[in-house]
1. Spin-label point model (7 Å from Cα, Cβ direction): what's the residue 161 to residue 185 distance in nm?
2. Ranked highest first by average number of other Cβ atoms within 10 Å, how do 12-18, 80-86 line up?
3. Taking a 1.4 Å probe, which of 8, 72 shows the most accessible area, and what order do the others take after it?
4. Keeping the other protein chains in place, figure out the carbon and sulfur percent of the accessible area of segment 7-58, with a 1.4 Å probe.
5. Quick one: of 42/159; 134/227; 10/42; 159/224; 151/227; 75/227, which pairs are farther than 25 Å apart, Cα to Cα?
6. If Lys and Arg each add +1 and Asp and Glu each add -1, what is the summed charge of the other residues whose beta carbon sits under 12 Å from the beta carbon of residue 3?
7. I want to check the label-to-label distance for residue 47 and residue 1. Put each point 7 Å from Cα in the C-beta direction and report it in nm to one decimal.
Amino acid sequence: LELVNAICEKYPDVPVVLMTAHGSENIAAQALASGAASFVPKSELAESLVETVMHILMIAEADARYRQLAGCAIKTDFEFELENDPAIIDPLIEMIQQVTMGQGLLTNHSQVQLGVALEQALSNAMIRGNLEIKREEFPVAHRAVVAERRKEAPYCDRKVYFRALVTPELAEFTVRDMGPGFDTSALPKTSAPENFRHGAGRGLILMQTFMDEVQFNDVGNEVKMRKFRSGV
């Protein structure tokens, strides 16, 4: 935990990914709150570490060329109807980061954490929502499974609705899929150690940790997330 705090203070552009195991769960929760970007359970290290690191690096490298222009915006409101193609998630997140950073809404660490939360929400909507691919099939075989599932009915007709409303004080996001949803009463608690140990509900934990407000509809196929200006 001291190492995470030191990196966040001295090297704010360096994202931190944690490895969690039995006995380290409480530290992991504190580290995420202190600025770490994500975590991978030790039991899933071989399957998930490389992909997690690659996603974090892409999220952390948002292009700064448009930030000056974005800083002139009073309010930015985007609406998208997305195909179930994970390849479009990173460019979309980069665009959102350019806007939020340009308006001075986030610090460097908050920017990465925002990107992680959005990536998890969009991936869950596409992969587990619209395509109904179970966690045990993801991420090891997800590329082949996703490509095949996208061609099949009814999955091929489903889209992900995404809205981003950004002002200098607040960013609000809506992600909605056309899948069957899930039981929202079973949402993982960020304070439950076993969730850090096994990785079940990892995306939901990251979303709840990195966003200031997270609210699902009754069906479980729509989530609204809010992030307030850093320090507000």
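1. Placing both labels 7 Å along Cα→Cβ, they lie 2.6 nm apart.
2. Highest mean packing first, the order is 12-18, 80-86.
3. Working: 8 20, 72 100 Å².
These residues rank, largest area first, as 72, 8.
4. Numbers: 1760 of 2830 Å².
Carbon and sulfur together cover 62 percent of it.
5. Numbers: 42/159 34 Å; 134/227 29 Å; 10/42 27 Å; 159/224 17 Å; 151/227 35 Å; 75/227 15 Å.
Pairs exceeding 25 Å: 42/159; 134/227; 10/42; 151/227.
6. Working: positive: 10; negative: 2, 9.
Once all neighbours under 12 Å are counted, the net charge is -1.
7. Rounded to a tenth, the inter-label distance reads 3.0 nm.
The values are calculated or read from the model by the stated rules, or taken from the named source; none is laboratory data. Note that this is a predicted model, so its numbers are computed, not measured. Every residue, glycine as well, gets a Cβ built from its backbone with ideal geometry; the counts of neighbours run over all protein chains shown. Surface areas here come from the heavy atoms of the whole protein model, side chains and all, with no ligands, DNA or RNA. Shrake-Rupley method; radii C 1.70, N 1.55, O 1.52, S 1.80 Å.
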